1. What is the calculated FRET efficiency for residue 20 to residue 43, with r their C-beta to C-beta distance and R₀ = 22 Å, to the nearest 0.05?
2. I need the Kirkwood Rh of the chain: take the reciprocal of the average 1/r across all distinct C-alpha pairs and report it in angstrom.
3. With a 10 Å radius around each residue's Cβ, average the other Cβ atoms per peptide and rank 126-139, 81-94, 268-281, highest first.
4. Which one of 135, 87, 124 is farthest out on the positive end of the charge dipole of the range 60-152, using unit charges on Cβ (Lys, Arg +1; Asp, Glu -1) and the Cα centre as origin?
5. Per-residue ellipticity at 222 nm for the chain, helices alone: DSSP H runs ≥ 4 residues times -39500 (n - 2.57), over residue total, nearest 500 deg cm²/dmol?
6. Given Cβ point charges of +1 (Lys, Arg) and -1 (Asp, Glu) and nothing else, what value in debye, to the nearest 20, does the dipole of the chain about its Cα centre take?
7. When Lys and Arg each count +1 and Asp and Glu each count -1, what net charge do the other residues less than 15 Å away from residue 159, Cβ to Cβ, add up to?
8. Among the lysines, which fall within straight-line cross-link reach of residue 126, defined as a Cα-Cα distance under 23 Å, with same-chain neighbours fewer than 8 residues apart omitted?
Amino acid sequence: MYTELHIQYIDPGNQIKPLTLKYKLNDFAIVQRWAGRLKEALDSSYRIDRPDRFYGFDDVGVERLRAVSDINHCCDVIESYSPGLINRRVNKDYIEQDTLNYLHDIFETYHGSLDKPHEFFISAPKLVQQALSDLNLEVHRCEGLANDNRRKMLPRHLVTYYALNKANFTLELDDYKHFTDFFEFGTMYLLYTEVGKTLQDLAVDDDHHVDQDAYKPFRHFSADFEIKFYTMSGETRAARHQLYKKHYLANKEYYLGKGYDYAHPYNRPGSIPLGKLIGAVDIRDIRLRPCVGSVTLIS
C-alpha cells in the first residue's frame, strides 16, 4: 500500500538547492489504483511529458508570453505536417476564448478518442502526435489568461505521461463519492484525461465549436495528476455551480439524450483528491524551482 508521494522540485539552472515536498496519500481505493498506474510509469521508460509544466507562479505578463509561445508552437508543428489544418493562432495581446475553443476542437477531432485514435494521429510522426496532445493542455493553460474568460490563472503544476495507456482504466461508481470542486492549497488531484469536455468545461467555455460527441464525462484515468497551490473561495464555487446548472437547463435534452441527468455521478464537478501536502511551504520556494526533478512513491 502506498502512503506518500515525494516530489523533488529543482531549479533548471542548478543555481538553487532542490526542494523535496512530501504528500500524504488519501486512504481511498481509487488512490491505490492510480498509484499503481504511476508506479507503472515510474518503473518503465515513460518520462514526464513536461517537467516544467508549472502555471500561475510568475508575473501574469511573463505567463502570457510563455503560454502564447508554447501553444502557437504546437500549432506550427502540426501545421508543418498538415498545411492549412489550423488557420488561427493565439494573439498575445488578446487571448480570446473562442480561439481556444476552436483549437480544442482541432485537438478533439484529429486526436480521436482514447480507444479509437483518429487516422491523422495514428499516421503522424511522434513529434506531431506530441504537439497535438500538448495542444489540449496548452489550451487549458491559456484559458486562465484569456481576456474574456471565466477562469483565473492560479498556481498549480501538472504531471502527465503522454505515452501511458489511458483507454483501459476507468473510475468505478463508488469513486465518485470522493469528487470535490472545493480545491485546497497543497492538495493533489486526479487529472482529467478524456478527449473532450465535461459538462462543467462546456458551461465555463461557452464552446460553440464542439460537435455532438464533445461531451465526455470524467470516466478514464491514468497516472496524471496536478497539485494546486491555492484555495478556492466559497463565493467562486457557488457562482460556478449556478453557471453549471444554468448551462445544463439550457441543454437538458442534449444531456438526457446522452443518458446522464444533472445529478448523475458522472456529472459531479471537480476531481478526486489524491493526497495532501505534509507540513507547510512558501510558494516563493516553488517559484524558484519550477521543474519536477523526480517523483517517488513511498509504501
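Computed from the coordinates by the stated procedures, all read-outs in this text should not be read as laboratory data. Nothing here was measured: the structure is a model prediction, and the numbers come from that model. Ideal geometry is used to build each Cβ from the backbone, glycine not excepted, and the neighbour counts take in all protein chains shown.
1. Working: r = 20 Å, r/R0 = 0.92.
Approximately 0.65, to the nearest 0.05.
2. On the way: mean 1/r = 0.0501 Å⁻¹.
Taking every pair of different Cα atoms in the chain, averaging 1/r and inverting gives 20.0 Å.
3. Values: 126-139: 20.3, 81-94: 12.7, 268-281: 18.0.
For the peptides 126-139, 81-94, 268-281, the packing ranking is 126-139, 268-281, 81-94.
4. 135
5. Working: 9 runs with 109 residues, N = 299.
Helices in the chain give a 222 nm mean residue ellipticity of -11500 deg cm²/dmol.
6. On the way: 38 positive and 43 negative charges, 154 e Å.
Charge dipole, the chain, about its Cα centre: 740 debye, nearest 20.
7. After counting each charged neighbour, the total is +4.
8. List returned: 116, 166.
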